[in-house]
1. Looking at region 138-183, which trypsin sites (Lys or Arg not before Pro) are DSSP coil and have at most 13 other C-beta atoms within 10 Å of their C-beta?
2. Work out, step by step, the length gained on full extension between ALA191 and ARG82: first 0.36 nm times the residue separation, then minus their alpha carbon distance; give nm to one decimal.
3. Apply the a/c threshold of 1.5 to the C-alpha gyration tensor of region 84-205 and tell me whether it is rounded, prolate or oblate.
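Coordinate-derived values only; no laboratory data. Bear in mind that the values here come from a model prediction, so they are computed numbers and not experimental data. Note that each Cβ is placed from the backbone with ideal geometry, even for glycine, and that neighbours are counted across all protein chains shown.
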Amino acid sequence: MRKVWLLGIWLTLCAPLFASDTRELVLFPFGTTSTVQQPEDFNLNAELMGALYAQLKDIPNLYVWRFRENSPSVRRALDENRLRRDRLNPPFNEREADGTFRSARIGAIVGAQYALAGTIAEFRYDPNTREATITVSVDLVQVGTNELLVSIGETGRGRLARDESDPNLAYIRAIADVAQKIAPAIKERLAPAPQTAPQQTEKKADRRRERTALGLFLLLLGVGFELADF
């Protein structure tokens, strides 16, 4: 029993050392304008979200995940009438009556610090040129402040090779192209600011002092328990 209690104390004291400063970005499904015709047997929204996820997932100290309306926090908000069910449909970059971005309101419910939402304004495929074109607008919002950090629109294009006949390949290339054009602005805004060498050295020294002090405390605590046996 004593060992369990001691382990609990150790975990509590060490928690700050293991604490992470990772932020969360929730990526919402995209809305589509009335002029966009969804291609058959091709999930345009899922492919676009996947392409953006692939571009953004490697930003340091940022955890990127795709929104799911069946998550426990969303279901709880629906049950408690803190969220209306019709607010779970895109576009999520619209503003509510009080000026709050819908993405920011839902982002607060799911515990994210940033929300990325947008609209597919154009999607077409020309069978003559065998080229697909997609135009996308995205808004990056800081959840806690409802601040619009980045608003950008880009167009991507993808074409079939001479020996190819599946239009889906052109769709995928167009989506990859537009994701690569959108990602730099998001990365620039969310990438951690570089630290100077003295700051990094000072922080490392502080962490070493903290670990040393904690180790000494735990050692003395263990000795105290041993002496209590006598």
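1. Here the trypsin sites (Lys or Arg not before Pro) that fit, given the DSSP loop and packing criteria, are ARG162.
2. 36.0 nm
3. Cα axes put region 84-205 in the oblate bin.
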